[in-house]
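Visitor: Supplied in structure tokens, the structure appears directly below.
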Amino acid sequence: MTERTGGNTPREREARRLDPSRVPATQVRLRPLRLDDAAELARLEHRNRRHLLSGAPRRGDDWATPPGQRAAIARMLAQHDAGTCAPFVILLDDDPDAPGRLVGRITLQQIVRGPAQCASVGYWIDEAESGRGVVTHALRKLVAVAFEGLGLHRLEASTAVGNEASVAVLRASGFQEIGYAPSMLRLGIAGEGWADCRLFQLVDSRTGDGTGGSAGATSMSDDGTSSTDADWPRIRAEVPGLAEALALYRAVGWNAYTEDPQTLGRALAGSTRVVTARERGRLVGLARVISDGASIAYLQDVLVDPDCRRAGIGRELVREAFAPFAAVRQHVLLTDADPGQRAFYEALGLTEAHDVRPPLHAFLRLRP
């Protein structure tokens, strides 16, 4: 269920089109939902309570509190572990001197595998950010996660009749209207009654006849543009599915992760930024960064399928992984004492600690 994102009268649409404050796609990021988002989400939910009630289910009194949000996040993370949900927060990188601001949520929910390979889409955004294009950019990025990251075939969305702003977001992201459902959902807008909804879908045109999706074999990139299959391998920010990530880690022989899949899943979900490389939809590379967004960005993993090495994929993964942290002073990693590793990272502008002037020492504690 899509929730309200702001007004959409002709005058409001024209004002937004001419508004210099509209946000470029490069400033919008998705990050997996975390338990420590509870306090900030509670603050936003409380501030937007009246705004969100018009397009969301009626909530209990504790919903817009940190404990209420923590309980809700825990339920969603349990669904994620079961493979039926992929929840994200929407971050806005509009201040170069500050980490991304959390401004909303967007979720792939009710994920169905088997012959359907589909999911429904839900999102909401802080009313103060409505009309700046943030949700449209976020939804386009979620589409890429769904089709290229999770291998889904079809996305569906519903929005209450009268929520023209969400209709505009869906259409701008390629969704097509497919029906009308009277008395479909019990929402705040309907009080104790049931809201009529408009139904939309988007089909991955690479895996079908294109009905309901874009024409041709195209997919949406991070900046909202489309690209053809000839552009593979594709580098993009996304958290891959655990099964395909495990297959990649096995291919490179990183047994510490493959012998403990749950730890790998938590590591990927808890990373600040994860980028992948895909060739014809298959995961062939991955890099991830942990960062406070201000003083340090730590590059934890860089791996490329052995069959795809020496094609520049590793270099592009590192570049894309560090891209949002250009203003961060410390870019750090630990890696094997292999001469080839040193040459690779030095070619990317990194320096071994003992070669820095004045020299530095690196210390760590590894659990047995």
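Visitor: Simple spin-label model, 7 Å along Cα-to-Cβ: Asp61 to Asn255 in nm?
Guide: Output for this residue pair reads 5.7 nm.
Visitor: If packing is taken as the average number of other Cβ atoms within 10 Å across a peptide's residues, how do 36-42, 251-257, 129-135 rank, most packed first?
Guide: Going by the mean number of other Cβ atoms within 10 Å, highest first, we get 129-135, 36-42, 251-257.
Visitor: Looking only at the range 285-368, where both bridge partners belong to it, what percent of the DSSP beta bridges are antiparallel (to the nearest 5)? Don't jump to the answer; show the numbers that get you there.
Guide: Values: 7 of 10 bridges.
In the range 285-368, approximately 70 percent of DSSP beta bridges are antiparallel ones.
Visitor: In nm, what is the difference between 0.36 nm times the number of residues separating Ala337 and Arg315 and their Cα-Cα distance? Write down the numbers at each step before the final one.
Guide: Values: separation 22, 0.36 × 22 = 7.92 nm, distance 1.86 nm.
Difference between extended and current length: 6.1 nm.
Visitor: If packing is taken as the average count of other Cβ atoms within 10 Å, what order do 311-317, 166-172, 358-364 fall into, highest mean first?
Guide: Top to bottom by mean Cβ count within 10 Å: 166-172, 311-317, 358-364.
Visitor: Leaving out ligands, DNA and RNA but keeping every protein chain, what accessible area does Ile178 have, in Å² rounded to the nearest 10, with a 1.4 Å probe?
Guide: Roll a 1.4 Å probe over it and Ile178 shows about 100 Å².
Visitor: Nearest 0.05, what FRET efficiency do Arg49 and Asp292 give at R0 = 35 Å with Cβ-Cβ as r? Show your work: numbers first, answer last.
Guide: Working: r = 30 Å, r/R0 = 0.87.
In this case the efficiency is close to 0.70.
Visitor: Once the convex hull of the alpha carbons of the range 281-355 is built, what does its volume come to per residue, in cubic angstrom?
Guide: Dividing the Cα hull volume of the range 281-355 by its residues yields 102 Å³.
Visitor: What ranking, highest mean first, results for peptides 64-70, 235-241 when packing means the other Cβ atoms within 10 Å averaged over each residue? Let's see the in-between values first.
Guide: Numbers: 64-70: 16.9, 235-241: 20.9.
The densest-packed peptide leads the list: 235-241, 64-70.
Visitor: By how many nm would the segment from Glu346 to Arg280 grow when fully extended, if each residue of separation counts as 0.36 nm and the alpha-carbon distance is taken off?
Guide: 20.7 nm
The values are calculated or read from the model by the stated rules, or taken from the named source; none is laboratory data. Small disclaimer: the values here were computed from a predicted structure and weren't measured. Note: ideal-geometry Cβ built from the backbone for every residue, glycine included; neighbour counts use all protein chains shown. Side chains are part of the model used for accessible areas, which takes the heavy atoms of the whole protein and leaves out ligands, DNA and RNA. Shrake-Rupley method; radii C 1.70, N 1.55, O 1.52, S 1.80 Å.
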